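Q: What follows is a single structure, and I will ask about it in a moment.
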Amino acid sequence: MPATDYNAAMSLVGADLHPYAALTPDAVLDALEHVGLWGDGRLIALNSFENRVYQIGLEEGEPLGSVVVAKFYRPARWSDAAILEEHAFTRELAAREIPVVTPLEVNGTTLHAHAGFRFAVFPRRGGRTPEFDHGDTLEWMGRFLGRIHAVGTLAPYAHRPALDIASFGEDSRDFLLSHDWLPADLRAVWHGVSRQALDAVGRCYDRAGAVATLRLHGDCHAGNVLWTDDGPHFVDFDDSRMGPAVQDLWMLLSGDRASQTRQLTDVLAGYEDFMEFDPRELHLVEALRTLRLLHYSAWIARRWDDPAFPAAFPWFNTSRYWEERILELREQIALMQEAPFWSG
């Protein structure tokens with residue numbers, strides 16, 4: 001059965017249910033047994049919405065250790081080639097002793113398929129949430145991001161998309177409008193504000209000019225970094241794609257303009273030990289933040305048929321939610337009119 005067989009999962013549960021309804025604990029353990037890994041009954045669902053991720057205990061004597069983490073990819077999201085390309089990038093990083101959590105090779109491959117689901121098996125790695133309010137932590141993060149980006153420049157992705165205005169901004173806006181997610185009394189207002197926001201994003205890109213793109217982590221927030229006494233371990237490259245380097249930097253920043261300036265100074269102090277940073281990309285910080293806000297709303301809407309999403313985001317289809325998004329976009333429009341907040 002092809003690894004991309006979405007219909008196989010659908011047939012197990014009926015067309016009115018989401019494919020993940022078929023991913024029962026028994027199905028998870030059966031999938032591991034299919035590749036020769038035998039669970040001992042310990043199975044814990046980990047926090048993940050886009051995919052389904054489980055910590056699984058293995059029987060004594062398993063060559064991969066006593067506990068692994070299995071990620072079951074959302075059906076029909078990525079092609080096999082795109083997933084394998086992500087795996088190859090993380091293994092390329094690990095080969096250079098960059099601390100990323102890579103999928104394990106089992107039976108000669110890192111991507112497996114069983115009963116309509118594709119999955120990968122990872123070693124379990126512990127750690128705590130990093131404290132990005134500490135300058136030395138940010139500098140440490142910057143050094144490793146510089147190393148990741150130095151490898152990311154060596155070759156482009158061939159099968160994974162780019163982070164751009166069309167895919168993150170325009171497609172997101174169009175999806176929300178075409179599927180009637182906006183309350184009737186707010187639809188015209190949100191439409192107008194989102195159009196103004198995307199126009200402002202375009203002007204930011206024009207000011208930045210032709211900046212370089214490279215293979216990114218793509219979703220480099222605190223939840224995707226495990227911190228230990230030896231420093232960070234980067235996890236979950238599921239959103240890795242081509243884009244400007246600053247995408248992996250701005251998500252480390254928070255607070256007011258002065259705080260973000262100080263934080264970025266710390267990040268770049270480490271980053272530029274390994275990679276030169278193009279200051280023109282600073283024109284993109286608020287533009288990329290705006291694109292992420294639009295993409296986030298569309299992401300929830302696109303996943304609404306997954307029962308986990310209405311349960312986790314019950315406020316999504318309320319008037320208050322969209323009123324707050326309108327205000328948020330107006331604030332972003334104002335921020336995108338300001339000069340970059342850091343000048344070196």
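Readers should treat all values here as calculations from the given coordinates under stated rules, not as data from a laboratory. The model shown is predicted, which means the values in this text are computed figures rather than measured ones. As a convention, Cβ positions derive from the backbone with ideal geometry for all residues, glycine included, and neighbour counts pool all protein chains shown.
Q: Give me the net charge of residue 306's neighbourhood, meaning all other residues with Cβ under 11 Å from the Cβ of residue 306; Lys, Arg count +1, Asp, Glu -1.
A: Numbers: positive: 52, 74, 302, 303; negative: 50, 305.
Summing Lys and Arg as +1 and Asp and Glu as -1 gives +2.
Q: Peptides 288-294, 267-273: what's the order by average Cβ count within 10 Å, highest mean first? Intermediate results must be reported in sequence, preceding the final value.
A: Numbers: 288-294: 21.7, 267-273: 19.3.
The packing order, highest mean first, is 288-294, 267-273.
Q: Would you mind calculating the relative contact order of the range 6-123 from Cα pairs under 8 angstrom and at least 6 residues apart, reporting the percent as a whole number?
A: After rounding, I find 23 percent.
Q: Sort 83, 165, 300 by Cβ crowding within 10 Å, fewest neighbours at the top.
A: 165, 300, 83
Q: Now for a separate question. In the chain, with Lys and Arg counted as +1 and Asp and Glu as -1 at Cβ, which of these residues, 254, 135, 192, has the Cα nearest the positive end of the dipole, that is, farthest along it?
A: Among 254, 135, 192, the one farthest towards the positive end of the dipole of the chain is 192.
Q: Given charges of +1 on the Cβ of Lys and Arg and -1 on the Cβ of Asp and Glu, with all other atoms neutral, how large is the dipole of the chain about its Cα centre, in debye to the nearest 20? Numbers along the way, then the final one.
A: Details: 31 positive and 50 negative charges, 113 e Å.
Roughly 540 debye, rounded to the nearest 20.
Q: Run the helix sum for the chain: -39,500 (n - 2.57) per DSSP H stretch of 4+ residues, divided by residue count, reported at 222 nm to the nearest 500 deg cm²/dmol. Kindly include the intermediate steps, with their values, before the conclusion.
A: Details: 11 runs with 145 residues, N = 344.
Roughly -13500 deg cm²/dmol at 222 nm, from the helical runs in the chain.
Q: Something else: Taking a ≥ b ≥ c as the square roots of the eigenvalues of the Cα gyration tensor of the range 6-123, is the shape rounded (a/c under 1.5), prolate (a/b larger than b/c) or oblate?
A: Taking the square roots of the gyration eigenvalues as a ≥ b ≥ c, the range 6-123 is oblate.
Q: Run the numbers on the chain and let me know its relative contact order in percent, using alpha-carbon pairs under 8 Å that are six or more apart.
A: Taking the mean separation of contacting Cα pairs over the length of the chain, I get 19 percent.
Q: Grab the Cα-Cα distance for residue 67 and residue 265, subtract it from 0.36 nm times how many residues apart they are, and report the gain in nm with one decimal.
A: Net length gain for the segment: 67.4 nm.
Q: Another question, if that's okay. Given (i) 0.92; (ii) 1.04; (iii) 1.38, which label gives Cα Rg over 2.2 N^0.38 Å as computed from the coordinates?
A: Step by step, Cα Rg over 2.2 N^0.38 Å for this structure corresponds to label (ii).
Q: If you don't mind, another one. For the range 37-183, rounded, prolate or oblate, judged on the Cα gyration tensor with a ≥ b ≥ c (square roots of eigenvalues), a/c < 1.5 rounded, else prolate if a/b > b/c?
A: oblate
Q: Let me ask something additional. Assuming R0 = 45 Å, what is the FRET efficiency of residue 191 and residue 229, from their Cβ-Cβ distance, to the nearest 0.05?
A: Given R0 = 45 Å and the Cβ-Cβ separation, E is 0.35.
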